[in-house]
Structures are given as C-alpha cells and as structure tokens.
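Chemist: Sharing a structure, written as structure tokens. Questions coming.
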Amino acid sequence: MNTGFDDSREIGGRDPLDARLTPPPSEPTPSDTWLRRVLRRLRMSAAFGLAPVLAPALVFVPLGALFGPQGLNLLSTRVLQHLDPVISLSLATLGVFVGLALGRRPSWNPRLFVAASIESGVTILVVSSALVFLVRAWDMPLAMPLAALALILGVSASASSATHDATPGSPDALAARIADLDDVLPIVVGALAIAAVGRPGLTSILWPAIATLGVGLAAGVIGWLLIERAHSDAERGIFVVGALALVAGGSAYLSLSPLLAGLAAGMFWNWSPGRCDTIVREDLGKFQHPVVVLMLLSAGALLEYSVMALWLFAPFVVFRLAGKLTGGWLASKLTPTLASADLSSHLLAPGLLGIAFALNAYQYLHSAEGIAALTAVVVGTLASEGVAFAVAPGEADA
Amino acid sequence: MLRLAALLLLLGTAYVITSVGGNDTHSALLAFGFALIAAALAGDLFERIRLPRITGYLLFGMICGPDVLALISTPMARELRLVNGLAIALIAFIAGLELNYRRLRPRLASLLRLGSVLLAVMYLLLFAAAWAAWPWLPFLPDVDGLTRVVLAALLATLVVSFSPTVTIAVIADVRARGPYSETVLALVVLADLALIVMFTLSMQFVRWALGEVPAGDVSLLVRLSWEIAGSLAFGAVLGALFAFYLQHVGREVTLALLALCVVLSEVGRVLHFEPLLAALAAGLVVENIAPPRGDALKDAVERGALPVLVVFFAAAGASLHLEALRTIGLLALAVAAVRLVTIRIGNLAGTRLAGIGMDPQIASLAWMGLVSQAGVTLGLTIIVRSEFPGWGERVGTLMVALIALHEFIGPILFKNALARTGEIGKMGE
C-alpha cells in the first residue's frame, strides 16, 4: 500500500523507528518477508500509476473509525480522553510547520502571500455564508452561535495541501507555494472563532488571541535560547519536544488555539538569527509523523453520524469546491504566471489542516454541534480528497 | 548564561500561565513541557558536578512540586502521573531488551548464585534486625510470638526490594553498556521477581497471624500465581505479536510500540497483571526470540524514551511526600543505613560463592547498583497500606521516606560504579 505521504509537509517523513529498523521502501532486501514483499509490490504499483496514491487522511481516518467507540472500541472514549493532549501536540506541530513554511526574508514574497490569503479568505467567506444561509433556511436548532459554527466550517474548508515536488520557479511550484501560504489566514481566523465561542465582546475575543501569540512567542524564545546550544542530539531532542509541549500545553491550558501558538513559534524560529528553524524542522520531522497519525486516528474514532452532520457535510464539500475555484481564480490575477484552472486544481486537495481546525474546535465544544461539525469536516475532507484525486494534475503533469 | 535566561523565562511563563488560571483537565501537556525542559536543565547542572542526571530530575520535581514552590501544582502533578503507566511499561520493555540470554549465558550460573546468596543474606539480616527492634518500631509494638515474626518478615521483604525502573533509567541516561550493567539489571529483575513471591507469601502469613483470613485460605496465593504467571504469559504473547509485526510489517513502529505499552499497562491493570512484569516479558521475547536488526530497536527506543524518563522522574520528585521524611526521617535514615550494610555484606558473601564465570570487579561492585528503590517498593507498600489501615499506613510512611532517600542515593552510587567499570557511553558502539 503506498500512502504516498512519506514526504508530505503535513505528516512528516518516515516514522523515526521505521527509518532506523527497515531500509527505505524502494530498497528490497533478501530478508524481506512475504508480507513485506506484498506491501512493496503495492508501493511499486503505485509508483507506476497502477494503484492510487492515497492521502494520509484516507488511510488513517477510516482506521480510526474502525478502532473507535462505534467500531471495535479499541480507541474507547477513555482512551480518546487520554489522547487529547496528543491532539493539542499535533495541532501545535502543524502550526509550527506552517510558520516554518513561510520562509526566510530573502525568499519572502508578499504578493504570493496576499494571493494565498485572498484564496483562503474567499473560501472561508463562501462556505461560511452558504452555511449561514442554509442553516437559517432549514431552521436547524443550534445551541451555539450560528456565525461561530459557520466560521469553524469555513475555516476547516479553506485548508489546502501541497505535496508535489516541482521544479523551483515553475507554475506548479508557485501553486504549491500558494497552498503552503494559504494556511496562515485560516489559522488566525480559526483562533478568533474559537475565542468567540462563549466570550461576548470584541475585547474578550482579542485578549485570548493576543495571549495565544504570547504563549507561542515565549515558547519560541525559550526554544531558541536552548536548541542551538544543546550539548548532544538527545538533549536537543528534549528541548525541541519540550518547547513544542509548552506551545501546545500553554494554549490548551488557557483553552486557546495550539495552531496559532505553533504558528507564532514557527514564525519566530524562522525569522530569528541562527539555524533554529533548520534544527526544529529536522527534529520535529521525526516526531511529527506519529503524533499526526494519532491525530487522524482520533479524528476517525470521534466520528458520530447524525442528521445534522449529514446536512452540514454536503454544503461543506460543494461550497468548498466553489470557494476554491473562485479563490483560485482571484488569486491567479495576482500571479500572472499561473492560469486560474492550474492554480485551482492544485488547491483542491484539503490535506490535514481542515481536520486539525475541526478537532481544535471540538476540544472546546463538546456539544452536538461540535461533534456534527467535526464529522462533517472529516467526512467532507475525505470526499474532497476524492474530488481532488479526480481533478488534480497527475504526477506526470506536476 | 543563556540557559539561565531560558530557565528564568520558562519559570516566568509557567507562573503567568498558571496564575491566569485555566482548564485543569488540559494541564498535563503544560506540566509535561515545563517539567521536560526545566528538569533537563537541572539534570545538565547535576552532570556538570558529576552527579547523575536522574538525581537532578528528581530534585527539580521536588523543589517545583506542590510541597515546596508549587510551580507544579497538585492537579498538574496528578496529570503528570498519567505518564507513569506508559513510562513504567516502556522502561520495563527496555529492561527486557537489555537481557540477552546468549550474552548472559556464560555467567548465568554465577549470577544466580550471587543473587540468591545476596538476597538470602539481606533478607535474613533485615528480618533479624526488624524482629529485634520491633518493640521500638511505630507499627504494632505490643505484638509478640508468631505475629511479630511474620510482621518482621513482611517489613524485611519491603525493605530489601530493589528498583528495576531506576536501574534501567540510569543505564539509559548515561548510555552504558557492558557486563556490569547487564549483571546488575539481571540481578535486580530476578531478585524483585523472587521478592514479589516472598511478599505475597508474607502477606498471607500476616493475614493468618492477625486472624483476618481462616487458616487454609489460599486466595492470595491463587492471586499471586495469576499475577506472576499471567503477567509473564500476557507479556510474552504481546512481545511475540510485536516481534511478528516488526518482522512482517515494519511500518509505523513508533505507534505500534506506544500501543504495546498502553496495552501492557492499561489492559494488564484491568486483568490484574503486573505491568512491570508483563512489559519485561515482552521485551525479553522480542530480544531473545525475534530480535530486530542488531541493537537498532534498543538504541532507538532508548533514545526516544528519554523525554518520557525525564518527565517520569520529575513527576516522581514532585510526588515525593516530604512530610513523610519530616515525620519519620530519623528512623528512615537508620533503616537505610542498616539496608546499605546488609547489601554490602550480602554482596561480599555472594561474591565469594559466585566463583568462576563472574568478573571479580563486577561482583564486588554489584552492591552499588542495588541501592535504589522506587516503583516496585511503592507498589508493594500501597498493597500493605490499603489492606491494613492503621499500622499499614505507618509502614507506608516509613517506606515512602525510604524510597525518597534511596531515589537520591541509589543513582549516584550506580553511576559511580558504571564509571569505574568504564561502561558509560558504550551504548550504540
């Protein structure tokens, strides 16, 4: 089975123990067992285009659903409660990588950033407005503010993944870069949406957002002071994991967004002097894979199918597609080298951040709406992956 | 200087976040991050003054814990303890991976001789001391005859016990490898296995002597058999499954290992298995029946487990009951001194009888690796405390104070011995 995600930014490289214990998947060894040979053959098939290249969500979310309370109950409700810190940790990890992906000053292109923000902003707007309109039209009873629910779904819809390795400077590389940068605005809007739930007034919404940035920056400074000056690899690993736990733990303790705190820390490491960004990227890459896989398994296990989830799911998929196409078209006006169709097709694959947003909202909204929103986003993300697989350019084109 | 700045900023950040007040159910990760960085810095400071890092982790936990500075509050310390189950399973699994039968075989007979003599001597001496001093001990000073004998035997069993957790943690921390570390680890594991059996027998005798169960009631013995044999079988089966997974699938090994440790600690607990024994058996099976390529798994797991070890010992430090030391400190010091003397005498006697096959230096330094006490002792103490409220609680206070003392002294002595045998830093070579 080729999951095709070994080098994805969102899920990291190979599992660190896999990498130490077994050769890379492309290198057969005489000691291979029958099961490994079968798995390897499937990977080879995928490499030749004979088997589908699966997105990580398509593999691990159904596995989570199978192991979850609605399935085999191996990931029982109690186990899922214990996994809650891991979800915060994976959210912070994803936030850090979004921050690191912004790039250092010489490669910083404000035009691309604006194009990416327009694209994601339009998607948020299209999906949120459509949901506000539809939920009102359907007269759906809600125990939370409709605007907050619509914004959470809109933010979850706006994420795109960029996994193609393209020639630097090519239109594909530009499209992938836009998909990298379009996560920043949703993270900020998502943090504000989470802060808005249960907090009346603009000031009471802004303070938590500022506190989140403060937690991220403080952890960033602590990490920067320690990471580059570690005496050994082991100590460096401890400091990297510790700084990340501080980012995730501080924001989770204050019921804030680990994604935004992680983004702040990642941006600080990116723009601070020294090699902190490179070291964090390398060390966190080893740690990232298992925690993100656990996040996906948890998302799958938390799914609860309800009428509300079904009603939210369909508009989520349809209006996400509409938002991405419109947003891609608008963004292409700012990037003349890109045709709007090319850009939109690269932005259709949702990746994992949408699921991360929904999980973050669910952590603080243990209500029927929270679980319905999570289910709609997770299932909608899987469906959108299917759409992207059908529409997106193949490896040969990329 | 920069490390100091980082530490001050960390303390300031933790103080501000906790004083703002937040959701205690989400405090585990904050406590984990704070404890991980600060304890690692404390461990580094201790290493500079040639003391074990583990002592630094413990001291940091104690100072920042609820009893002193309260930077790690009581709810945070409780949340941190959630790591314990996973950490104990991981540590025991690593211990199992360290015990390679082929490497141990040449000195197995002498090791068993050394272990049995040492254990017998320690047990008899501590039993005699406890029996003689019983009227002055704050438990049930008025009892006499058979009751006094069985109570003294139970106390001796608790005081003799060792700590596989600290032993493997020190080995992993200083990256030691060699015959001395293997011998000490094997001794500690085998001795604790024997002590668990002796403890259960002692408990049964105490119950009979105190009239709490009728003579002939063997429920505790049945429970013991289930706990020991069941734990070993459960761990062995899971170890074999993990080895199969490693050999035939070999993907997402970190998650598979985490799942193994969770199953060993949580499912094992539900089935009344001892997680330490089960995880040890799992590690033994993986290492001796289906070892993965060389020491790759062992090295990778030991490296990956380091953050868990740091937090485990910081949490242990934060959970140390300092009031126990205050109330019963002098008695605990006296008992610790007697225990140390019995370990040395037992080691001397065992060394003479160990004979050919055991390096004299290794045999003579073995005692330095046997001083630590932690999880196993605490586990046995909790059983006594819960089954015999009153005098059992006073025994518990003494044992907790002893654990606190031995957790600090043990790693220092063991690291010193590892340095003398030249095994520090040999892991992965």
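The values are calculated or read from the model by the stated rules, or taken from the named source; none is laboratory data. Here the structure is a predicted model, which means the values were calculated and not measured. Methodologically, a virtual Cβ is constructed for each residue, glycine included, from the backbone with ideal geometry; neighbour enumeration extends over all protein chains shown.
Chemist: Take the stretch A:53-75 and flag every residue that is free of Cβ contacts under 8 Å to residues at least 24 places away in the same chain and within 10 Å of another protein chain (Cβ to nearest Cβ).
Modeler: A:LEU74, the sole residue that qualifies.
Chemist: Residues being in a helix (DSSP H, G or I), within 25 Å of B:GLY43 (Cα to Cα) and at pLDDT below 85: count how many of those fall in the stretch A:207-233.
Modeler: The qualifying residues number 1.
One line per residue, one yes/no per condition, for (1) under 23 Å from A:ALA101 (Cα atoms); (2) not in a helix (DSSP H, G or I):
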{"site": "A:VAL241", "(1), (2)": "yes, no"}
{"site": "A:LEU244", "(1), (2)": "yes, no"}
{"site": "A:GLY266", "(1), (2)": "yes, no"}
{"site": "A:PRO273", "(1), (2)": "yes, yes"}
{"site": "A:HIS289", "(1), (2)": "yes, no"}
{"site": "A:LEU294", "(1), (2)": "yes, no"}
{"site": "A:SER298", "(1), (2)": "no, no"}
{"site": "A:GLU304", "(1), (2)": "no, yes"}
{"site": "A:SER344", "(1), (2)": "yes, no"}
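Chemist: Within the stretch A:206-215, which residues are away from every other protein chain (no Cβ under 11 Å) and either over 21 Å from the mean Cα position of the chain (by Cα) or of a type outside the set (A, V, I, L, M) (or both)? Don't jump to the end; show me each part of the working.
Modeler: Step one: filter the stretch A:206-215 for residues away from every other protein chain (no Cβ under 11 Å), giving A:206, A:209-210, A:212-213.
Of everything in the stretch A:206-215, those that are away from every other protein chain (no Cβ under 11 Å) and either over 21 Å from the mean Cα position of the chain (by Cα) or of a type outside the set (A, V, I, L, M) (or both) turn out to be A:LEU206, A:ILE210, A:THR212.
Chemist: Here's something else I'd like to know. Any residue in the stretch B:345-359 that is touching a His at 6+ places or on another chain (Cβ under 9 Å) and within 26 Å of B:PRO52 (Cα to Cα)?
Modeler: Step one: filter the stretch B:345-359 for residues touching a His at 6+ places or on another chain (Cβ under 9 Å), giving none.
Checked the stretch B:345-359: no residue is touching a His at 6+ places or on another chain (Cβ under 9 Å) and within 26 Å of B:PRO52 (Cα to Cα).
Chemist: Right, something else. Go over the candidates B:ALA349, B:ALA337, B:ALA401, B:ALA332 one by one and state the one that is farther than 26 Å from B:GLN204 by Cβ, without any contact (Cβ under 8 Å) to a residue 12 or more places away in the chain and either buried (at least 19 other Cβ atoms within 10 Å of the Cβ) or over 15 Å from the mean Cα position of the chain (by Cα) (or both). Can you show your working first?
Modeler: Values: B:ALA349 fails: without any contact (Cβ under 8 Å) to a residue 12 or more places away in the chain; B:ALA401 fails: without any contact (Cβ under 8 Å) to a residue 12 or more places away in the chain; B:ALA332 fails: without any contact (Cβ under 8 Å) to a residue 12 or more places away in the chain.
Criteria check complete, one pass: B:ALA337.
Chemist: B:LEU210 is checked against (1) away from chain A (no Cβ under 14 Å); (2) buried (at least 24 other Cβ atoms within 10 Å of the Cβ); (3) among the aliphatic types (A, V, I, L, M) and fails just one. What number does that condition carry?
Modeler: (2)
Chemist: State all residues of the stretch A:282-302 that are in contact (Cβ under 8 Å) with a residue 40 or more places away in the chain and more than 12 Å from A:LEU63 (Cβ to Cβ); if no residue qualifies, say none. Explain how you work it out, then say what you get.
Modeler: Step one: of the stretch A:282-302, the residues in contact (Cβ under 8 Å) with a residue 40 or more places away in the chain are A:283-302.
Passing the criteria: A:ASP283, A:LEU284, A:GLY285, A:LYS286, A:PHE287, A:GLN288, A:HIS289, A:PRO290, A:VAL291, A:VAL292, A:MET295, A:LEU302.
Chemist: Could I ask something else about it? Residue by residue through the stretch A:249-263, note down the ones that are in a helix (DSSP H, G or I), in contact (Cβ under 8 Å) with a residue 40 or more places away in the chain and within 13 Å of another protein chain (Cβ to nearest Cβ). Walk me through it before giving the result.
Modeler: Step one: list which residues in the stretch A:249-263 are in a helix (DSSP H, G or I), which gives A:249-253, A:258-263.
Filter again for in contact (Cβ under 8 Å) with a residue 40 or more places away in the chain, leaving A:249, A:251-252, A:258-263.
A:GLY249, A:SER251, A:ALA252, A:PRO258, A:ALA261, A:GLY262, listed by residue number.
Chemist: Given the stretch B:122-234, what helices (runs of 4 or more DSSP H) lie entirely inside it while holding 2 or more residues that are assigned by TED's automatic domain parsing to the domain that holds B:THR377 and free of Cβ contacts under 8 Å to residues at least 60 places away in the same chain?
Modeler: Numbers: elements: B:145-160, B:164-173, B:179-209.
Per the criteria, B:145-160, B:179-209.
Chemist: In addition: Return the only residue of B:ILE72, B:ILE54, B:ILE88 being in a loop (DSSP other than H, G, I, E, B), more than 9 Å from chain A (Cβ to nearest Cβ) and either within 15 Å of B:ALA318 (Cβ to Cβ) or at pLDDT below 85 (or both). Before the answer, list the steps.
Modeler: Numbers: B:ILE54 fails: in a loop (DSSP other than H, G, I, E, B); B:ILE88 fails: in a loop (DSSP other than H, G, I, E, B).
Step by step, each of B:ILE72, B:ILE54, B:ILE88 is checked, and only B:ILE72 is in a loop (DSSP other than H, G, I, E, B), more than 9 Å from chain A (Cβ to nearest Cβ) and either within 15 Å of B:ALA318 (Cβ to Cβ) or at pLDDT below 85 (or both).
Chemist: Give the residues of the stretch B:1-12 that are part of a helix (DSSP H, G or I) and without any contact (Cβ under 8 Å) to a residue 12 or more places away in the chain, sorted by residue number. Reasoning before the result, please.
Modeler: Step one: filter the stretch B:1-12 for residues part of a helix (DSSP H, G or I), giving B:2-12.
B:LEU2, B:LEU4, B:ALA5, B:LEU8, B:LEU9, B:GLY12, listed by residue number.
Chemist: So which of A:VAL188, A:VAL184, A:VAL197, A:VAL215 ends up being buried (at least 23 other Cβ atoms within 10 Å of the Cβ), in contact (Cβ under 8 Å) with a residue 24 or more places away in the chain and on the phi < 0 side of the Ramachandran plot? Step through it out loud before you land on a result.
Modeler: Numbers: A:VAL188 fails: buried (at least 23 other Cβ atoms within 10 Å of the Cβ); A:VAL184 fails: buried (at least 23 other Cβ atoms within 10 Å of the Cβ); A:VAL197 fails: buried (at least 23 other Cβ atoms within 10 Å of the Cβ).
Of A:VAL188, A:VAL184, A:VAL197, A:VAL215, the one residue that is buried (at least 23 other Cβ atoms within 10 Å of the Cβ), in contact (Cβ under 8 Å) with a residue 24 or more places away in the chain and on the phi < 0 side of the Ramachandran plot is A:VAL215.
Chemist: Here is a follow-up. Answer with yes or no whether B:ARG251 is part of a loop (DSSP other than H, G, I, E, B) and either in contact with a His (Cβ under 6 Å, 6 or more places away or on another chain) or within 14 Å of another protein chain (Cβ to nearest Cβ) (or both). First the steps, then the outcome.
Modeler: Numbers: part of a loop (DSSP other than H, G, I, E, B): yes; either in contact with a His (Cβ under 6 Å, 6 or more places away or on another chain) or within 14 Å of another protein chain (Cβ to nearest Cβ) (or both): yes.
The answer is yes for B:ARG251.
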